[in-house]
Every structure is written in structure tokens, then in C-alpha cells.
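Report on the following structure.
The values are calculated or read from the model by the stated rules, or taken from the named source; none is laboratory data. If you're wondering where the values come from, they're calculated on a predicted model, not measured in any experiment. FYI the Cβ positions are ideal-geometry reconstructions off the backbone, even for glycines, and counts take in every protein chain you see.
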Amino acid sequence: MSVTDFDADRPPQPPRRRRRGGTGRRRRSLSEVGMGDGSREGALVEDVEFERSEEFDSYYGRPVVKAPPWRGPIAVYLFLGGVAGGSALLGFGAQLTGRPALRRNARLTALATVGLGTVALVEDLGRPERFLNMMRTVKVTSPMSLGTWIVSGFATFSGVLGALEVDRLAGQRLPLGPARGLLRISEGPASVGQLVLAPLLASYTGALLGNTTVPTWEASRAHLSYLFVSSASLASGGAAMLTTPVSETRPARLLAAAGVVGDLVSMRAMKESMHPLESEPLETGRPGRMLTWAERLAIAGGLGAMLGGRHRVVAAASGVALLASSALTRFGVLEAGLESVKDPRRVIEPQKARLAARRAAGITDDSITTAG
């Protein structure tokens, strides 16, 4: 008998008693359990209705779907990865348009955030070698596998560009020796590599969450990556407004404003596409309060960026509001998903509604629906 960590979900069972003087319970025929002559699929259990109460009954008294063990460090990683990706785009644009302060600050922000985000990811994994073990293979159908390579490649390019900017800040007095010339030669390829990976870093985490069976995340899979990219845009614009003189922040302010619009539109479209029970965790409880404040701060930060972004104090305050909005969005979406698995209705009822819609549309002869 094998024992796994999942056995912890199964409560201890008393030993079975053997019947004396008999061969045991009689097996029922297919017709008795509602499968007719066995020529088609039939119900093995009765239809289940879940009612709202303090405790929701399900198999073994456990949630129908087991939530992934993701908590605070993963939310930090989601947030910092978005800031890093958006900052890389700003840094590349600043390099092309001759904005040295914005280029430097955006590159250093990308390096710092991807570094701290990687630390948060390793903290969630528990042991550093688990991150290295994820790089032994490449699985194109797995957002987690591809994400590991995206983070590693982006961090490498960011390290090259960050070292160059630190050396320039120090007046090229760092003891780099021959490595300085190598870094200068690598600046162009590293900038292009960072540019290519930046949108993937900002968006793949949305695909990662949507690829799970967690009800709220799975139902939002068509919109979650767009939401995260928009959130990354407003956050990176806010970081640049906070760290860069206002004379060079016009691209950052435009990116932040576009991110605010995209964030609001994506969140609204995502909720409207979901079953009411699947979107409920996004609007109620602690996650709902986080996302409500994220929307308010995004609007306030966006207005500040467009109307008062030329004033240093207003620009800095707007940058802080935009960063806080992005962080609350990531934490709110994460907690909403974890909350959604606690109620079996959020798993069963939307599935039943989709099944009924397929049957109403006349789809009754595939592997999902069967003729009545």
C-alpha cells in the first residue's frame, strides 16, 4: 500500500468487518443504476444540489478541487514580474529616444524586481534546487516550465544591462577589466533579448493561473493574461514616475494611462464572461475589497499621471498609487482563486450550466454531453 501527501485529505477509516455466513452485498445490474442496457453513458450517482450554508458538504467533507499551495510569496512574484517586464519595455524605448535617466532607472528597476521576484518564487518552492530542477526539461504545453526559462533568460539579460548602468553611475571606475568591453558589446543583444522576453514575463503568469482547475482562475483564462499585462504596464509606468525626473517621464505616463484603461476594461470583460458563482470571489470578501481598492487607485494614479504628471510631487504620488493598484490586483486575483475552491457550488453549478447550454444548443452526441 503506497502512501502519498494526498492521503492527508482522507480521514481515517475504521477497519471493515467481514460478513459471516454470506458472500456479501449483491451487485446491482446496469439497469438498476440507471444505465439501461449499457449502450450509453448513465448517471452513477444522483444529481446533487448544493445549498448555501456555513459548511458545504462534498466528498469526504473536502473541497471538490484541491487548491494549489500558493500564498503570499507567489503574489509578490506575480507583482514584481509584471513590474520587471514593463520596465524593460520602458528601458528599451528610452534607449531609442535618448532619455538616459529613464533608461537607467528602468533597467535597474527591471533588474531589482526580477531578482526579488525570483527570491519570492524560490521561497514559495521551499528549496532553491527545485527551481533548478524545473530547468532540466522544456515543456511547451506547460506555462510553468516555459515561465522558468523566461524568468532565467530575462534575469540574465537584465544582469548585463544593470551592470552596465551601475558602471556608468560609478564613472566607469568599477574593477571590471576586460569585462567592461564585453559588456559594452553585449548591450545591444541584451536589450533586444530583454525586449523579446518582457511581454512574456508580464503575461505568462496569467496563463499559468488559468491553466489550473481552480474555478475562478479557469473561468478567467481568456482574459487573465490581458489583465496582468495591463497591470504590469501601469505598475512599471508608476515606478518610472516615482524614480525619474519629470522631464523624461512622458513615455512612462502614457504607458501608465494605457495600462489603467486596459486594466479596467479587462477586469470588466473578465467578470462578465464568468458564471456569477465563479466571479463572486472577485467581488466579495477580502479579495473583493482588494480589487475594489485596486480599481480606485488605478483611476487616481492614471488621472494624476495625465493631468499632473509634470509636477514632481504629483508624479511621485501617482506612481505610488499605480504600484499599489497593481499589487492589490495580483493579491486579489490570487486570493479570489483560493477562496473559490472552498465552495463546491462554484465547481459544480457552472459546469451544470455549461452542460445545459450545450444540450440546449443541440450538442448531445460528443464526449461531454450524451443523449437523454
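Could you please let me know if ARG136 is touching a Lys or Arg at 6+ places or on another chain (Cβ under 8 Å) and either modelled with pLDDT under 90 or assigned to a helix (DSSP H, G or I) (or both)? Answer is no for this residue. Within the stretch 87-110, the residues that satisfy the criterion of being crowded, with 24+ Cβ neighbours inside 10 Å and over 15 Å from ARG250 (Cα atoms) are ALA88, ARG107, THR109, ALA110. Looking only at residues of the stretch 284-305 that are of a type in the set (A, V, I, L, M, F, W, C) and surrounded by 19 or more Cβ atoms within 10 Å (Cβ to Cβ), we find that the one that is modelled with the lowest pLDDT is ALA305.
Per-residue answers, yes or no, for (1) in contact (Cβ under 8 Å) with a residue 60 or more places away in the chain; (2) part of a helix (DSSP H, G or I); (3) acidic (Asp, Glu):
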{"position": "TYR204", "(1), (2), (3)": "yes, yes, no"}
{"position": "THR216", "(1), (2), (3)": "yes, yes, no"}
{"position": "LEU227", "(1), (2), (3)": "yes, yes, no"}
{"position": "ALA252", "(1), (2), (3)": "yes, yes, no"}
{"position": "ASP263", "(1), (2), (3)": "yes, yes, yes"}
{"position": "ARG268", "(1), (2), (3)": "no, yes, no"}
{"position": "SER279", "(1), (2), (3)": "yes, yes, no"}
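For the stretch 89-104, check the following and say yes or no: at least one residue is in a helix (DSSP H, G or I), of a type outside the set (Val, Ile, Thr), under 16 Å from MET144 (Cα atoms) and under 21 Å from the mean Cα position of the chain (by Cα). The answer is no; no qualifying residue exists. For the stretch 323-332, the criterion of being in a loop (DSSP other than H, G, I, E, B), in contact (Cβ under 8 Å) with a residue 24 or more places away in the chain, under 28 Å from the mean Cα position of the chain (by Cα) and crowded, with 18+ Cβ neighbours inside 10 Å is met by none of the residues.
Tell me whether the stretch 173-183 contains one or more residues that are part of a helix (DSSP H, G or I), at pLDDT 90 or above and under 35 Å from the mean Cα position of the chain (by Cα). No, the conditions are met nowhere in the stretch 173-183.
Scanning the stretch 212-222 for residues that are more than 11 Å from the chain's Cα centre (by Cα), more than 18 Å from THR141 (Cα to Cα) and not β-branched (Val, Ile, Thr) yields PRO215, ALA219.
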